[in-house]
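In what follows, a single structure is set out as structure tokens and then discussed.
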Amino acid sequence: MEDDNEMDWYDKALEHFGNRANCQALLCIEYYEELDSDSEPAKLLKANILIGLHRFEDAERILDEFPMDVPRPERLNHVIKKHYYQVKGDLKDLQGKFNEAADFYQKLIDLEPDETLGYILKGACLAKAGEFEEAKELHNHATQLEGDPDEAYLNLGLIYRAEGKLYAAKKAFMEALAITPEYTEAQEGLQDVNEAMALEKQIYELRLKNNSDDN
């Protein structure tokens, strides 16, 4: 039976990682590995933490050595695969290898086709690569799924904003806020778009005036 005190160190590592305190998270997970060197979740969490510290080669080494094909109970195997595909995709994404990252996020979609996670991650990755149309399709689909449809709407708003489609961006940000009213990123996006629309109107009126004066 696993010692409660031992599990505390994994939980501490997870908490620090969630708070982006990666240096503390690494110390905790490395001590936890001393107590349980065979823990697969610990290996994947450590890879995640190393990615957060931009130690990409060390993270890749862990992932390359990770035993994906060993027999496991079905539920555990599902959880391990999900975590592995996400971490591997995140690594490739941060390395700027967007097509490779998208392939791993597609594996998440195949694993959980009714959940938002894979669609959102792949869509965000493709948007970074400039593949806006496919990214929008993925996020649009994710808005109808279980998980985080508010994040899918946020990302849609960000893409439309990048394209200069301010009305579409405003609608997407408002949809995100209808689900999660305190969504800071959506609030900031909506404010930016509203102010840009007001500025756009002001510039349009100035152009009309300038043209009238020229005539």
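Please go through the stretch 30-60 and give me each residue that is farther than 21 Å from ARG72 by Cβ and open to solvent by less than 50 Å² (accessible area, probe 1.4 Å), ordered by number.
ILE49, LEU50, ILE51, GLY52, PHE56, ASP58, ALA59, GLU60
Mind checking which residues of the stretch 19-72 are closer than 17 Å to VAL87 by Cβ, polar (S, T, N, Q) and under 22 Å from the mean Cα position of the chain (by Cα)?
ASN22, ASN48
Being open to solvent by 20 Å² or more (accessible area, probe 1.4 Å), among the hydrophobic types (A, V, I, L, M, F, W, C) and touching a residue at least 24 places away in the same chain (Cβ under 8 Å) is the filter here; which residues of the stretch 137-176 pass it?
Listed by number, the residues that qualify are LEU145, LEU158, ALA162, LEU166.
Checking GLY118 against (1) open to solvent by 50 Å² or more (accessible area, probe 1.4 Å); (2) out of contact with any Ser or Thr (no Cβ under 8 Å at 6 or more places or on another chain): exactly one of these is not met. Which one?
Just one mismatch for GLY118, condition (1).
Quick test of your reading of the structure: ASP90 fulfils all but one of (1) under 30 Å from GLN144 (Cβ atoms); (2) of a type in the set (D, E, K, R); (3) open to solvent by 40 Å² or more (accessible area, probe 1.4 Å). Name the failing condition by number.
(3)
Residues that are within 22 Å of TYR84 (Cα to Cα) and over 13 Å from the mean Cα position of the chain (by Cα): find the helices (runs of 4 or more DSSP H) completely inside the stretch 115-163 holding 1 or more of those.
Details: elements: 116-128, 132-142, 149-162.
By residue number, 132-142.
The values are calculated or read from the model by the stated rules, or taken from the named source; none is laboratory data. Bear in mind the structure is a predicted one, so any value in this text is a computation, not a measurement. Glycine gets a Cβ as well: all are built from the backbone with ideal geometry, and neighbour counts include every protein chain shown. Areas reflect the complete protein model, heavy atoms only, side chains present, ligands, DNA and RNA absent. Shrake-Rupley method; radii C 1.70, N 1.55, O 1.52, S 1.80 Å.
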